[in-house]
Amino acid sequence: MSYSVEIVVVYKEGTLNPEAKAIKSTLFNLVYNFEEFDKGKYFRYISNQKTKKDARREAEEIADKLLTPY
């Protein structure tokens, strides 16, 4: 069985995110005002794990091993 897996990565609180700050500023200039705005990364893949639990564990491993700096 295969599972569609989505991983959303955002910066840890307190980490500078200049790209998000620039987008928020641009949106403010276009008369959109947000209390909080963040930009992250989105990953999607198809897992060939046999169970949903295994697919989730695989996604957590990927996040821990490859995406830790974020």
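General remarks:
- Pick from segment 1-11, criterion open to solvent by 60 Å² or more (accessible area, probe 1.4 Å) and not in a loop (DSSP other than H, G, I, E, B), ranking: modelled with the lowest pLDDT: Val8
- Qualifying residue in segment 45-52 (condition: under 24 Å from Pro18 (Cα atoms) and open to solvent by 80 Å² or more (accessible area, probe 1.4 Å)): no
- Restricting segment 12-44 to residues that are of a type in the set (S, T, N, Q) and not in a loop (DSSP other than H, G, I, E, B), the residue that is most open to solvent (accessible area, probe 1.4 Å): Asn29
- Hits in segment 53-70 (condition: among the aliphatic types (A, V, I, L, M) and either part of a loop (DSSP other than H, G, I, E, B) or loosely packed, with under 12 Cβ neighbours inside 10 Å (or both)): Leu67
- Pair list, Cβ < 8 Å and 6+ apart or interchain, from segment 11-35 residues that are within 24 Å of Leu67 (Cα to Cα) to residues that are basic (Lys, Arg): Asn17/Lys39; Glu19/Lys39; Ala20/Lys39; Ile23/Lys39
The values are calculated or read from the model by the stated rules, or taken from the named source; none is laboratory data. Because the structure is a prediction, the values reported are computed rather than measured. For neighbour counting, all protein chains shown are included, and Cβ atoms are generated from backbone atoms with ideal geometry for every residue, glycine included. Please note that ligands, DNA and RNA were not included when accessible areas were found on the heavy atoms of the full protein model with its side chains. Shrake-Rupley method; radii C 1.70, N 1.55, O 1.52, S 1.80 Å.
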